[in-house]
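Remarks on the structure that follows.
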Amino acid sequence: MYQTIEEANQAVIAKIVAGSPFLMDVVPAESVIPELSEGKVLLHAGPPIRYDQMVDPIQGACVGAGLFEGWGETEAEVRQLLETGEVKLIPCHHVQAVGPMGGITSAHMPVLVVENKTDGNRAFCTMNEGIGAVLRFGAYSQEVIDRLHWMKDTLAPVLSAALHMKPEGFNMNVIVAKAIAMGDEFHQRNIAASLAFLKEMAPIIAGLDAFENQKQEVIQFLADTDQFFLNIMMASAKAVLDGARTIEEGTVVTAMCRNGHEFGIRISGMGDEWFTGPVNTPKGLYFVGFSEEDASPDMGDSAITETFGVGGMAMIAAPAVTRFVGSGGFQDALKTSNEMLEICIDTNPNFSVPTWDFQGICLGIDARKVVETGILPVINTGIANKQAGLGQIGAGTVTPPIDCFEKAVLAYAKKLGFKEE
């Protein structure tokens, strides 16, 4: 269809720029992801993986999901199901979904529904649980299970009812454009976007006829959860990038994710195929009493934000976050974003960054440029304790292994008929 790789890549990034994600609803995962209704099934972050390959925090999150679903009354009962292969494991990305950290998603967990109105496709993501002991970092105590049930029984129905008051949905590009001018980079810092979302939702929730006893606690939860918008951003980026990857040509990176065992990428010209390499452990700042020796290898689908052009790719947009992830100060953030531009095709005019002289965010990571320059995408990330149940112990940055990009470029060259010498 396209005469050159450059033409194909331009078509892909044009799709990204034209993407129009709208938050439409919050629904039980099984109602929009049919695979979750086929017995005992869990979704997970990253490329495909077996249970015995999972790091302890992701195994812990699987246990928590099993307890939440009532597959057993004890940890031992659920672990036996997992260890004997009675639970089917599917990557979130394979069913139009994304998940933070472990990414574990089960049938009755509520998910955000984001529709890319440009291409008519949808993407899904669980909601942010807040901080502390949470499933995404591998915790599975009764407190964690109780919160998941509250999210299913209270948070989701209230948000769904509020979203139904706007049948056309909420335009996420508007909130992202507003929040990036207020200092968010949408991976480790979502404070402005979460508050902008609350500003839109609170009056609608307050005006609902039903849920009189639940409205205040839902508004309070949204007010307390600085990272609530992260999961919305993840689903929005997934919806836009899935729309763009309908053009199955070119070398634009359309997904980056990790599962604690492998890092995986997809490129536009190779469709659904994963190109993987060994995952790295994040470098960053640790909470008091913890060090890199306590850290789990990197995990999560949240690198879809960097794939879209925000997160670590847009470090310059969020000076307040640079110290938190251990990347130094403003000049280091500027250097990082300028370097990221070297492996991208263009900038996105929809989201200009005031601290970058109003230049647009990075647009279209080109796998060829990564291989040619040796510059790797920078990903902002939370750091989990390598032991399940102990939660987040810090924040930092991580990069993919270059193997992923080399494999992807070689595979695409082979598809085009080039032979290795």
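The values are calculated or read from the model by the stated rules, or taken from the named source; none is laboratory data. It should be emphasised that the depicted structure is a prediction, and the values quoted were computed from it without experimental measurement. No Cβ is skipped: glycine too gets one built from the backbone with ideal geometry, and neighbour counts run over all protein chains shown. SASA here: full protein model, heavy atoms, side chains in, ligands and nucleic acids out. Shrake-Rupley method; radii C 1.70, N 1.55, O 1.52, S 1.80 Å.
Here are some notes:
- The stretch 163-180 residues that are over 27 Å from residue 318 (Cβ atoms), paired with ones that are among the aliphatic types (A, V, I, L, M) (beta carbon under 8 Å, 6 or more apart): 163/23; 163/24; 163/26; 165/204; 165/208; 166/204
- Filter pass, residue 350 being among the polar types (S, T, N, Q) and modelled with pLDDT under 90: no
- Matching option when the condition is in contact (Cβ under 8 Å) with a residue 12 or more places away in the chain, in contact with a Lys or Arg (Cβ under 8 Å, 6 or more places away or on another chain) and among the acidic types (Asp, Glu), among 273, 249: 273
- Scanning the stretch 340-355 for residues that are in a strand (DSSP E or B), open to solvent by 40 Å² or more (accessible area, probe 1.4 Å) and more than 12 Å from residue 366 (Cβ to Cβ) yields 349, 350, 352.
- Per this entry, residue 290 is counted among residues that are of a type in the set (Phe, Trp, Tyr), in contact (Cβ under 8 Å) with a residue 12 or more places away in the chain and either open to solvent by 10 Å² or more (accessible area, probe 1.4 Å) or more than 30 Å from residue 61 (Cα to Cα) (or both).
- The stretch 309-325, subset open to solvent by 10 Å² or more (accessible area, probe 1.4 Å) and within 30 Å of residue 19 (Cα to Cα), residue modelled with the highest pLDDT: 319
- Residue match in the stretch 167-178 (condition: over 15 Å from the mean Cα position of the chain (by Cα) and basic (Lys, Arg)): yes
- When 312, 364, 289, 360 are screened for being on the phi > 0 side of the Ramachandran plot and either under 18 Å from the mean Cα position of the chain (by Cα) or not in a loop (DSSP other than H, G, I, E, B) (or both), only 364 passes.
- Qualifying positions in the stretch 22-44 - more than 19 Å from the chain's Cα centre (by Cα) and part of a helix (DSSP H, G or I): 30, 31, 34, 35, 36, 37
- Of all the listed residues (192, 181, 210, 244), the sole one being within 23 Å of the chain's Cα centre (by Cα), small (Gly, Ala, Ser) and open to solvent by 50 Å² or more (accessible area, probe 1.4 Å) is 181.
- Criterion violated by residue 263 - all others in (1) touching a residue at least 60 places away in the same chain (Cβ under 8 Å); (2) open to solvent by 10 Å² or more (accessible area, probe 1.4 Å) satisfied: (2)
- Test result for residue 254, among the hydroxyl-bearing types (Ser, Thr, Tyr) and open to solvent by 10 Å² or more (accessible area, probe 1.4 Å): no
- Residue within the stretch 120-140 that is within 12 Å of residue 25 (Cα to Cα), at pLDDT 95 or above and open to solvent by 30 Å² or more (accessible area, probe 1.4 Å) present: yes
- When restricted to residues that are farther than 17 Å from residue 338 by Cβ, out of contact with any Asp or Glu (no Cβ under 8 Å at 6 or more places or on another chain), open to solvent by less than 50 Å² (accessible area, probe 1.4 Å) and not in a helix (DSSP H, G or I), the stretch 367-401 contains 10.
- Taking the conditions (1) more than 21 Å from residue 125 (Cβ to Cβ); (2) among the polar types (S, T, N, Q); (3) not in a strand (DSSP E or B) in turn, residue 276 satisfies each one other than (3).
- Hits in the stretch 293-308 (condition: open to solvent by 10 Å² or more (accessible area, probe 1.4 Å) and among the acidic types (Asp, Glu)): 293, 294
- First in the stretch 4-20 and over 25 Å from residue 171 (Cα atoms) and open to solvent by less than 20 Å² (accessible area, probe 1.4 Å), second anywhere and hydroxyl-bearing (Ser, Thr, Tyr) and assigned to a helix (DSSP H, G or I), Cβ under 9 Å, 6 or more apart: 8/268; 9/268
- Annotation note: of 263, 221, 229, the sole residue that is assigned to a helix (DSSP H, G or I) and closer than 22 Å to residue 398 by Cβ is 229.
- Yes/no for residue 328 being at pLDDT 95 or above, farther than 21 Å from residue 360 by Cβ and small (Gly, Ala, Ser): no
- Selection of the stretch 65-95 for residues being buried (at least 17 other Cβ atoms within 10 Å of the Cβ) and under 30 Å from residue 254 (Cα atoms) yields 65, 87, 89, 90, 91, 92, 93, 95.
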